[in-house]
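Single-structure report; data block below.
The values are calculated or read from the model by the stated rules, or taken from the named source; none is laboratory data. The structure presented is a predicted model; accordingly, all values stated were derived computationally and were not measured. Note that each Cβ is placed from the backbone with ideal geometry, even for glycine, and that neighbours are counted across all protein chains shown.
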Amino acid sequence: MEIEIFGQEGASQVQLDNQKTLEKYIWEQESEDRLRDTISKKKYINPFKQKNN
């Protein structure tokens with residue numbers, strides 16, 4: 001089993017990489033959510049509303 005000691009510079013780089021990964025994930029998730037919202041919009045019909053013929 002190997003244990004690596006990063007030191008302050010290495011830890012900062014790991015933290016920066018994690019932040020970039022998290023930002024990318026959030027950006028992609030928001031994009032997917034917006035797309036899903038536009039696809040799932042349907043025209044709902046009120047079944048209790050009477051038609052005026």
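Might you let me know whether region 24-32 holds any residue that is modelled with pLDDT of 70 or more, among the basic types (Lys, Arg) and surrounded by 10 or more Cβ atoms within 10 Å (Cβ to Cβ)? Spell out the reasoning first.
Applying the first criterion (modelled with pLDDT of 70 or more) to region 24-32 yields 24-32.
Filter once more, keeping what is among the basic types (Lys, Arg): 24.
Next cut, surrounded by 10 or more Cβ atoms within 10 Å (Cβ to Cβ) only: 24.
Yes, region 24-32 has at least one match.
Lys49 is checked against (1) in a helix (DSSP H, G or I); (2) modelled with pLDDT of 75 or more and fails just one. What number does that condition carry?
Here Lys49 clears every test but (1).
Taking region 33-44, which residues are modelled with pLDDT under 75 and either over 20 Å from the mean Cα position of the chain (by Cα) or surrounded by 10 or more Cβ atoms within 10 Å (Cβ to Cβ) (or both)?
Filtering region 33-44 for residues modelled with pLDDT under 75 gives 38-44.
Matches in region 33-44: Lys42, Lys43, Tyr44.
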